[in-house]
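**Q** Just passing along the structure, written as structure tokens.
The values are calculated or read from the model by the stated rules, or taken from the named source; none is laboratory data. Note that the structure is a prediction, hence the values are computed from the model and not measured. FYI the Cβ positions are ideal-geometry reconstructions off the backbone, even for glycines, and counts take in every protein chain you see.
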Amino acid sequence: MQSIQQKSFFVVLRGAHIVGPIDLGKQDVLIAGEKVAAIEPHIEMPVSWEYEEILLDGYILVPGFIDSHVHMIGGGGEGGYATRTPEVTLSTATRAGITTMVGCLGTDGITRHVTSLLAKARGLEEEGITTYIYTGAYEVPTPTITGSVRSDLILIDKVIGAGEIAISDHRSAQPLREEIQKLAAEARVGGMLSGKAGIVNVHVGDGKAGLDMLFAIVKETEIPITQFLPTHLNRNPWLFKQAIEWGKYGGFIDITSSVGPRGNSKDPIKPSRAIREALDAGVELNNITISSDGNGSIPRFDENGNIIGLGIGNEDSLLEELGDLVLKEGIKLADAIQVVTSNVAKVLKLWPRKGCIKVGSDADFVVLTPDIELYQVWARGKLMVNNGEPIIFGTFEG
Ligand code: ZN
């Protein structure tokens with residue numbers, strides 16, 4: 001049993017195989033506070049320095065996961081007030097390998113507000129992980145804190161984009177193309193002026209129009225396709241088919257890990273399978289990301305839009321799908337890991353502080369067994385999960 005009480009500023013992780021996501025082979029990693037200070041085959045520490053040593057021979061060290069779509073303060077409510085989903089807790093994130101999380105609202109932009117989301121994100125950050133938020137909710141015009149998507153991006157550090165904006169869904173505001181394109185323009189300019197991604201995270205529902213509106217916007221305006229991060233694209237076969245076209249056209253496609261056997265859309269495509277199929281169809285690996293939709297509600301509706309069942313998005317599905325991607329779909333770990341680390345960091349403009357293991361990047365790691373089981377999670381230099389179990393909890397947990 002290794003020591004779990006971290007007392008030192010310096011920690012040396014010895015002998016793990018690093019896939020960060022570049023395969024560096026067996027290396028030692030020196031953590032100094034919250035950062036990676038050195039990566040070398042053998043790190044010799046000065047005798048007078050106080051440090052801790054963790055032996056990781058036989059384990060694999062990958063970057064901490066970045067989950068770009070989490071209902072941090074809960075969501076749902078589509079079946080009335082009793083169906084509002086609960087808030088995220090620190091350990092539900094860390095035990096799924098998540099060290100960076102982007103919060104969003106959902107269907108309910110009235111009893112859930114961007115200000116509460118901001119406060120929750122700040123709380124999770126104080127508890128140890130890194131957080132950001134999207135401003136807005138399903139509806140358009142979308143709720144913001146300061147009056148516009150543009151000014152939220154410019155004035156509020158944690159706001160890195162707009163979302164989740166709903167299209168092709170009976171729960172959406174049935175937005176006109178002009179409304180979505182104006183919103184994307186706001187996010188784009190707000191992002192430019194604040195040095196952020198200004199990404200528009202778009203919830204795409206089961207509606208027949210699928211991605212049609214987004215295709216029209218990128219074909220007929222100056223807004224680049226990379227301004228959008230459409231999500232839930234594996235929810236049904238016709239949307240997924242369009243998603244592949246979108247990806248081949250240069251767009252990002254975000255797969256939802258809690259859609260699939262756990263969720264309840266009609267004929268969902270299992271997330272790891274969807275990634276394999278997108279790659280086989282010629283979508284660049286760089287354009288594919290995965291997110292959990294954690295703590296979002298997964299209501300099931302009949303053909304008339306009446307609610308007939310309810311589930312909840314689960315962060316653990318990220319890790320399960322990563323395992324299946326490697327072990328069942330035969331994608332090598334150095335590629336598979338990108339969809340939940342480096343690709344997401346690049347889309348969200350968090351690279352190279354996040355999404356990679358490099359000198360100078362944040363010390364966010366997931367330590368895996370060769371069977372892609374979780375062993376440890378480190379967030380900003382702190383051990384959060386050991387032996388697969390959380391050892392640091394949120395304020396009111398447990
Ligand atoms: Zn959604």
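Conditions (1) at pLDDT 95 or above; (2) closer than 30 Å to L229 by Cα; (3) touching a Cys at 6+ places or on another chain (Cβ under 9 Å), marked per residue:
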site	(1), (2), (3)
F10	yes, no, no
A32	yes, no, no
I43	yes, no, no
V62	yes, yes, no
F65	yes, yes, no
H69	yes, yes, yes
P86	no, yes, no
T92	no, yes, no
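**Q** If you go through region 237-266 one residue at a time, how many are part of a loop (DSSP other than H, G, I, E, B) and either closer than 17 Å to N295 by Cα or at pLDDT 95 or above (or both)?
**A** Final tally of qualifying residues: 13.
**Q** Inspect region 282-302 for any residue being modelled with pLDDT under 95, away from the ligand (no atom under 16 Å from the Cβ) and assigned by TED's automatic domain parsing to the domain that holds I180 and give the result as yes or no.
**A** Within region 282-302 (the criterion being modelled with pLDDT under 95, away from the ligand (no atom under 16 Å from the Cβ) and assigned by TED's automatic domain parsing to the domain that holds I180), the answer is yes, since at least one residue qualifies.
**Q** A further question follows. Here's a check for you: in region 368-382, which residue that is assigned to a strand (DSSP E or B) and in contact with a Ser or Thr (Cβ under 9 Å, 6 or more places away or on another chain) is nearest to T100 (Cα to Cα)?
**A** Ranking the candidates gives A379 first.
**Q** Here are L310, L279, L333: which of them is crowded, with 16+ Cβ neighbours inside 10 Å, within 19 Å of the chain's Cα centre (by Cα) and touching a residue at least 12 places away in the same chain (Cβ under 8 Å)?
**A** From the options L310, L279, L333, the qualifying one is L333.
**Q** Which of the residues spanning region 27-63 are surrounded by 15 or more Cβ atoms within 10 Å (Cβ to Cβ), assigned to a loop (DSSP other than H, G, I, E, B) and out of contact with any Gly (no Cβ under 7 Å at 6 or more places or on another chain)?
**A** Passing the criteria: I43, Y59.
**Q** Among the residues of region 189-213, what is the count of those that are more than 15 Å from the ligand (Cβ to nearest atom) and under 19 Å from E139 (Cβ atoms)?
**A** 3
**Q** K219 versus (1) buried (at least 16 other Cβ atoms within 10 Å of the Cβ); (2) away from the ligand (no atom under 16 Å from the Cβ): which is the lone unmet condition?
**A** That leaves (1) as the condition not met.
**Q** List pairs: first residue in region 81-109 and touching a residue at least 24 places away in the same chain (Cβ under 8 Å), second residue within 15 Å of the ligand (Cβ to nearest atom) and part of a helix (DSSP H, G or I) anywhere in the structure, Cβ distance under 7 angstrom, at least six positions apart or on different chains.
**A** Close Cβ pairs satisfying both conditions: G103/L117; L105/L117.
**Q** Just one of S168, S151 is more than 18 Å from F215 (Cβ to Cβ) and at pLDDT 95 or above; which is it?
**A** That would be S151, the only listed residue that is more than 18 Å from F215 (Cβ to Cβ) and at pLDDT 95 or above.
**Q** Condition first: in contact with a helix residue (DSSP H, G or I) (Cβ under 9 Å, 6 or more places away or on another chain) and more than 13 Å from R122 (Cα to Cα). Now tell me which residues in region 90-107 satisfy that.
**A** Across region 90-107, the qualifying residues are T92, A93, R95, A96, G97, I98, T99, C104, L105.
**Q** Moving on to the next point. Hey, can you tell me all the residues within region 222-240 that are surrounded by 15 or more Cβ atoms within 10 Å (Cβ to Cβ) and more than 22 Å from the chain's Cα centre (by Cα)?
**A** Once the filter is applied, which keeps residues that are surrounded by 15 or more Cβ atoms within 10 Å (Cβ to Cβ) and more than 22 Å from the chain's Cα centre (by Cα), region 222-240 yields only I223.
**Q** From the list K7, K26, pick out the single residue that is among the basic types (K, R), free of Cβ contacts under 8 Å to residues at least 60 places away in the same chain and within 30 Å of I331 (Cα to Cα).
**A** K26
**Q** Would you pick out the residues in region 90-147 that are in a strand (DSSP E or B), among the aliphatic types (A, V, I, L, M) and more than 14 Å from the ligand (Cβ to nearest atom)?
**A** Answer for region 90-147, where residues must be in a strand (DSSP E or B), among the aliphatic types (A, V, I, L, M) and more than 14 Å from the ligand (Cβ to nearest atom): I98, M101, I133.
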